[in-house]
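The structure under discussion appears below in the form of structure tokens.
The values are calculated or read from the model by the stated rules, or taken from the named source; none is laboratory data. Note that the structure is a prediction, hence the values are computed from the model and not measured. Methodologically, a virtual Cβ is constructed for each residue, glycine included, from the backbone with ideal geometry; neighbour enumeration extends over all protein chains shown. In case anyone asks, the SASA skips ligands and DNA or RNA and just uses the protein heavy atoms, side chains included. Shrake-Rupley method; radii C 1.70, N 1.55, O 1.52, S 1.80 Å.
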Amino acid sequence: MPRRTVLFLQGPASTLWSEIAGRFEARGHRALHVNLSFGDWLFWRRRGALNYRGSLANWESWLTTLILREGVSDILYFADRLPYHLVAARVAERHGVRVWAVENGYLRPDWLTLEPVAMGRGSRFTRCPLTIRRLATGRPMPSFAPRYPVPFRVEATNEVAFNLAHVLGRAAFPRYVSDKAVAPAVEYLGWLPHLVLAGRRRRAAARTERRLVRDRARPFFLVTLQMETDYQIRASSDFRGQSEALEIVVGSFARRAEPSAHLVIKVHPFDNGLIAWHRVADRLAARFGVAGRVVVIRGGSLERLTGAAAGLVTINSTSAVQALRANCPVIALGDALYDLPGLTHQAGLERFWAEPQRPDPAFFEAWCRAVAAEIQVRGSQMNKEGRAAAAEEIVRRVENAERYWQLYDTEGVCLDAESASLDIEASIPAVRAAG
């Protein structure tokens with residue numbers, strides 16, 4: 001096995017990076033780490049880290065020197081759109097270094113993503129139905145059963161510590177550039193009213209959910225919001241924010257949905273509360289003449305709601321995978337790995353309300369088998385056993401990099417005419433043209 005030198009850039013709000021590095025070193029490889037901020041320093045529990053305190057403008061030159069001097073073979077980073085990581089991907093390609101993007105899993109719960117270079121719009125994973133079916137052959141169906149539970153307080157504490165460390169440690173890393181759309185202090189202040197009202201909102205959501213599931217005479221469509229700070233909204237869609245997407249969705253719903261239908265907007269469980277989504281929804285509903293038919297809930301069971309919904313609308317949330325599991329029609333308004341003919345609705349938003357295309361269960365199972373085998377890793381950022389499992393598998397895949405990178409170099413092209421005709425249509429232009 002060739003000896004590798006693995007460079008870790010910014011990681012998640014956990015000790016996952018340290019555990020992966022320890023396993024690399026135990027197998028005879030070298031592990032290097034660059035602290036870009038005080039948050040990185042806080043969660044790196046090993047010696048030998050380098051602190052980069054220079055400007056973003058000088059980062060490319062500094063990183064190039066480091067890669068060449070140390071003979072770096074692989075780079076791991078969490079969140080591929082961080083400004084430093086975009087530069088790193090460019091430098092790595094220039095010098096023949098493999099880059100691995102780690103993120104939360106497309107499959108949930110207890111899965112992580114490990115992809116070459118990028119996710120979302122930048123993903124190199126095949127979109128060819130024929131290739132996906134072939135990759136799925138002989139692969140087991142992944143388990144969706146929870147295996148590595150993480151209490152909310154643990155996840156929240158780690159995230160708060162990581163992000164506030166960027167701010168409180170500014171003196172140690174004065175030129176650090178964050179990708180956060182909202183300052184951490186402002187974001188966490190938005191949580192205060194939510195914490196006070198959490199119980200009341202949960203009970204209200206449960207009542208609404210029971211009513212929706214029972215009342216079969218009034219079909220409902222579900223809109224799953226993402227966190228407004230989710231960089232996949234900005235990087236993997238044509239929307240500047242979710243309010244813009246909601247305007248298109250509510251307007252289309254008002255024009256095309258049956259008069260008895262309702263639109264249920266489900267707020268992300270970790271939404272910081274800075275945007276009053278119920279006010280946004282009420283304003284749009286009044287503007288488009290569907291007041292009383294648009295409902296906002298904070299809470300409720302995604303599994304039960306997708307099991308009863310007439311369809312699900314999202315930008316590119318992984319909640320769509322839960323809906324596909326329930327055979328619920330899905331339309332993605334942004335770029336998403338699962339937005340494929342045979343999985344999601346491809347005929348535009350205007351036709352979705354009356355003629356939603358259901359997923360093909362056999363193709364969905366093939367897609368799950370393929371992504372689980374190639375770009376998903378069973379494990380967790382914050383659960384101890386989950387970190388150990390993820391670290392072991394990530395090291396194994398990086399050691400076998402040629403096998404995984406060959407897939408991306410050669411497998412993404414459909415060579416037969418039938419598969420070539422199934423290219424994904426861009427949903428946003430179609431939506432806007434119809435609107």
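In table form, for the structure just shown:
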quantity: In the stretch 299-397, trypsin sites (Lys or Arg not before Pro) in a DSSP loop with at most 12 other beta-carbon atoms within 10 Å; calculated: none
quantity: Paramagnetic reach from ALA161 in the stretch 1-38 [backbone N under 19 Å; point 7 Å along Cα→Cβ]; calculated: 10-22, 35-38
quantity: Exposure rank, largest accessible area first [VAL296, VAL249; 1.4 Å]; calculated: VAL296, VAL249
quantity: Difference of contour (0.36 nm per residue) and Cα-Cα distance, ARG218 to ALA362; calculated: 48.9 nm
quantity: Helix-only mean residue ellipticity at 222 nm for the chain, each DSSP H run of n ≥ 4 adding -39500 (n - 2.57), per residue, nearest 500; calculated: -13500 deg cm²/dmol
quantity: Inter-part distance where the stretch 227-258 and the stretch 92-140 are each reduced to a Cα centre, Å; calculated: 25 Å
quantity: Spin-label zone in the stretch 358-377 - amide nitrogen under 15 Å from a point set 7 Å from the Cα of ARG397 along the C-beta vector; calculated: 368-377
quantity: Built amide H within the under 5 Å cut-off of LEU312, gap 5+; calculated: LEU222, VAL330, ILE331
quantity: Cut-off under 5 Å, modelled amide H: who pairs with VAL295 long-range; calculated: LEU263, VAL264, ILE265
quantity: Mean separation of Cα contacts under 8 Å (6+ apart) over length of the chain, as relative contact order %; calculated: 20 percent
quantity: Antiparallel DSSP beta bridges within the chain, percent to nearest 5; calculated: 20 percent
